[in-house]
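Here's the structure, in structure tokens; my notes come after.
The values are calculated or read from the model by the stated rules, or taken from the named source; none is laboratory data. Quantities reported herein were computed from a predicted structural model and do not represent experimental measurements. Here the Cβ positions follow ideal geometry from the backbone for every residue, glycine too, while neighbour counts run over all protein chains shown. These area figures cover heavy atoms from the full protein model, side chains too; ligands, DNA and RNA do not enter into them. Shrake-Rupley method; radii C 1.70, N 1.55, O 1.52, S 1.80 Å.
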Amino acid sequence: LLVSAVGAEFVYRWLRPTERVGELYHADEAHIPFDLEDPADFDRAQRYLEVVPDAPRFRLRFKPGVTVHLCYRGYEGEGAFDAEGCVEFRTNSLALRDREELCAPKPEGHRRVVCLGDSTTVGWVVTEADRWTRRAWELLRVDEDGVHVANRGAAGTLLPDDHAPPLLTALRYLDPDAVH
């Protein structure tokens with residue numbers, strides 16, 4: 001079922017009309033832009049970013065419990081973006097783009113599937129509801145309410161060893177029954 005859901009997501013993305021978007025930028029909760037590479041914005045960016053611990057090479061991620069917006073200048077499409085061309089990106093207390101309830105110990109009799117991956121898994125520049133991991137969870141819980149899908153994707157994970165820190169975090173805190 002999960003493989004079918006992922007396949008359907010790829011077919012949907014392939015068939016839907018492409019939307020023209022411009023340059024990506026980051027903004028805070030109030031939609032005030034900040035530049036990750038501009039030294040003048042370093043203090044503001046530091047409120048939202050941290051170095052990924054135990055990563056095999058230097059990487060940044062959004063800190064636990066922050067809300068930022070991923071935006072495009074010159075956005076000309078419709079859909080999930082707001083009027084300013086932005087999508088909200090909120091992290092829970094484990095720095096995952098997922099529900100806070102997954103940070104608590106797994107309830108007795110429940111099962112968890114943890115999904116590792118890159119920006120497609122984390123849902124870079126799509127709404128929370130449009131992430132494929134969220135849609136898979138909704139499909140799975142139709143038949144069984146005690147199944148949960150946790151998103152442990154990380155933007156910029158290109159090499160296999162980039163997935164080791166997210167996997168260790170998943171094993172340590174999320175107690176998965178399966179890892180995809």
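Filtered by the rule that a residue be hydrophobic (A, V, I, L, M, F, W, C) and either within 12 Å of the chain's Cα centre (by Cα) or modelled with pLDDT of 90 or more (or both), the stretch 65-93 gives 66, 68, 70, 87, 89.
Hey, can you tell me all the residues within the stretch 34-64 that are aliphatic (A, V, I, L, M), open to solvent by 60 Å² or more (accessible area, probe 1.4 Å), within 19 Å of the chain's Cα centre (by Cα) and over 18 Å from residue 86 (Cβ atoms)?
Step one: of the stretch 34-64, the residues aliphatic (A, V, I, L, M) are 36, 40, 45, 49, 51-52, 55, 60.
Within this subset, residues satisfying the condition of being open to solvent by 60 Å² or more (accessible area, probe 1.4 Å) are 36, 40, 51, 60.
Among the residues that remain, those that are also within 19 Å of the chain's Cα centre (by Cα) are: 36, 51, 60.
Matches in the stretch 34-64: 51, 60.
Kindly indicate whether residue 21 is assigned to a helix (DSSP H, G or I), open to solvent by less than 80 Å² (accessible area, probe 1.4 Å), modelled with pLDDT under 85 and β-branched (Val, Ile, Thr). Answer is no for this residue. Scanning the stretch 154-180 for residues that are under 23 Å from residue 107 (Cα atoms) and open to solvent by less than 50 Å² (accessible area, probe 1.4 Å) gives 166, 169, 170, 174, 176, 178. Answer yes if at least one residue in the stretch 125-148 is on the phi > 0 side of the Ramachandran plot and in a loop (DSSP other than H, G, I, E, B), and no otherwise. Among the residues of the stretch 125-148, at least one is on the phi > 0 side of the Ramachandran plot and in a loop (DSSP other than H, G, I, E, B), which makes the answer yes.
When residues in the stretch 77-99 are screened for being over 21 Å from residue 60 (Cα atoms) and among the acidic types (Asp, Glu), 3 of them pass. Scan the stretch 115-130 and give yes if some residue there is open to solvent by less than 40 Å² (accessible area, probe 1.4 Å), under 11 Å from the mean Cα position of the chain (by Cα), within 17 Å of residue 4 (Cα to Cα) and among the charged types (D, E, K, R), otherwise no. Checked the stretch 115-130: no residue is open to solvent by less than 40 Å² (accessible area, probe 1.4 Å), under 11 Å from the mean Cα position of the chain (by Cα), within 17 Å of residue 4 (Cα to Cα) and among the charged types (D, E, K, R). Based on what the data block shows, is residue 133 under 17 Å from residue 1 (Cα atoms), among the β-branched types (Val, Ile, Thr) and buried (at least 16 other Cβ atoms within 10 Å of the Cβ)? Considered against the rule, which asks whether it is under 17 Å from residue 1 (Cα atoms), among the β-branched types (Val, Ile, Thr) and buried (at least 16 other Cβ atoms within 10 Å of the Cβ), residue 133 comes out as yes.
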